[in-house]
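Reviewing the structure listed below.
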Amino acid sequence: MLFRRPIKHCRNCGALVALRLPDDGDTKERAVCTQCATVNYENPLNVVGTIPLWGEPGSEKVLLCKRNIEPRYGKWTLPAGFMELNESTAQGAARETTEEAGAQFAMGPLFSVISVVRVGQVHFFYRATLLSEQFDPGYETIEARLFSEAEIPWADLAFRTVQQTLEHFFADRRAGQFQLHNLEIV
C-alpha cells in the first residue's frame, strides 16, 4: 500500500481541492484547487542524521540515542529527524545530532540515501567524527551511548533505515573503503 497524505484544502486560498490532472500538461493526478487552480503537490519528507563515530579508524564506536518519543519509544537510533526549511541536508543532520545527542562533532561525507516509499520519506545519513565522549542529550533522547559493532542492540533498533545504514557502515569499514549507498525500502 502506498502512503498518501490526502490534501483536502488548497494551501493558497483554502478552497476544496479535487484530485485530477492539472491543465499544465502534468501526467499525474494532483490535488488541484477548485477555485484558484493552484496545484498542491505532495512531496516526500526528508529525514537527516549522522553516524557519529568515536575512536581510531577501523575500530570506532558508534553513538546511538535511545528514543524518548514515539514512534518507537525506548528503541535505539542514530541521531536524526526531519529536515527543516532553509537548511541543507548536512545542516539538518548536524542540527539533529546536536539536539538529540548534545554531541560535539565534525561533519563527514554523505554515507547513505534511503528511499522509504511506503511512508513517503527519504533518509540521508552522514558520517561524523565525534570530538568528545561527553554528550548532553535533549528531551527526545533518554540516553546517548557509544557502541562497538559487537555491542549494537540490533533487536532494539528503532528503524530499518538505521539498521541498514549501520550494516553498510560496518561492512564498508571491514572492506577498508567507504562508499555512498543509495537504497530503497519498499
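Observations, loosely collected:
- Long-range amide H partners of THR50 with built H, under 5 Å: TYR126
- Rounded to 0.05, the FRET efficiency of the GLU99 and ASP23 pair, given R0 = 30 Å and the Cβ-Cβ distance, is 0.10.
- ILE185 long-range amide H proximity, modeled H, under 5 Å: SER115, VAL116, VAL117
- Distant alpha-carbon pairs in segment 1-119 (separation over 19 angstrom), percent: 62 percent
- Between amide H atoms placed 1.01 Å from N, distances below 5 Å from GLU143 occur with LYS66, all of them 5 or more places distant or on a separate chain.
- Projected onto its three principal axes, the C-alpha set of segment 1-42 covers 31, 22, 12 Å, listed from the longest axis down.
- With both labels modelled 7 Å from their Cα along Cα-to-Cβ, the ILE185 to SER132 distance reads 3.2 nm.
- Backbone phi angles across segment 68-84, fed through the Karplus curve with coefficients 6.51, -1.76 and 1.60 (θ = phi - 60°), yield HN-Hα couplings of 10, 9, 8, x, 6, 3, x, 9, 8, 8, 6, x, 6, x, 6, 5, 9 Hz in residue order; Gly and Pro are listed as x.
- Cα-based shape type of segment 45-185, given that a ≥ b ≥ c are square roots of the gyration tensor eigenvalues and the cut on a/c is 1.5: rounded
- Residue-by-residue Karplus 3J(HN,Hα) for segment 14-25, coefficients 6.51, -1.76, 1.60, Hz, glycine and proline x: x, 6, 5, 10, 10, 7, 7, 6, x, 6, 8, x
- Fully extending the segment from ALA106 to ILE142, taken as 0.36 nm per residue of separation minus the present Cα-Cα distance, adds 10.6 nm.
- A cut-off under 11 angstrom between Cβ atoms defines the neighbours of ALA101, and their net charge, with Lys, Arg +1 and Asp, Glu -1, is -4.
- Cα gyration tensor, segment 107-176 - rounded (a/c under 1.5), prolate or oblate: rounded
- Separation between Cα centres of segment 133-186 and segment 81-128, rounded to whole Å: 13 Å
- Relative contact order, whole percent, for segment 1-42 stands at 34, derived from Cα pairs under 8 Å and 6 or more residues apart.
- Computed [θ] at 222 nm, deg cm²/dmol, the chain (DSSP H ≥ 4; -39,500 (n - 2.57); rounded to nearest 500): -5000 deg cm²/dmol
- Each residue of segment 172-181 is assigned a 3J(HN,Hα), and the resulting list reads 5, 4, 5, 6, x, 8, 9, 9, 7, 10 Hz, derived from the Karplus form 6.51 cos²θ - 1.76 cosθ + 1.60 (θ = phi - 60°), x at Gly and Pro.
- When the chain is described by a simple charge dipole with +1 on each Lys and Arg Cβ and -1 on each Asp and Glu Cβ, the residue from CYS65, GLY120, PHE147 located farthest towards its positive end is GLY120.
- Sparsely packed chymotrypsin sites (Phe, Trp or Tyr not before Pro) within segment 154-186, loop by DSSP, other Cβ within 10 Å at most 16: PHE178
FYI, it's all coordinate maths here, none of it is from the lab. Since this is a predicted model, take the numbers as computed values, not measurements. Cβ: placed from backbone, ideal geometry, glycine included. Neighbour counts: every protein chain shown.
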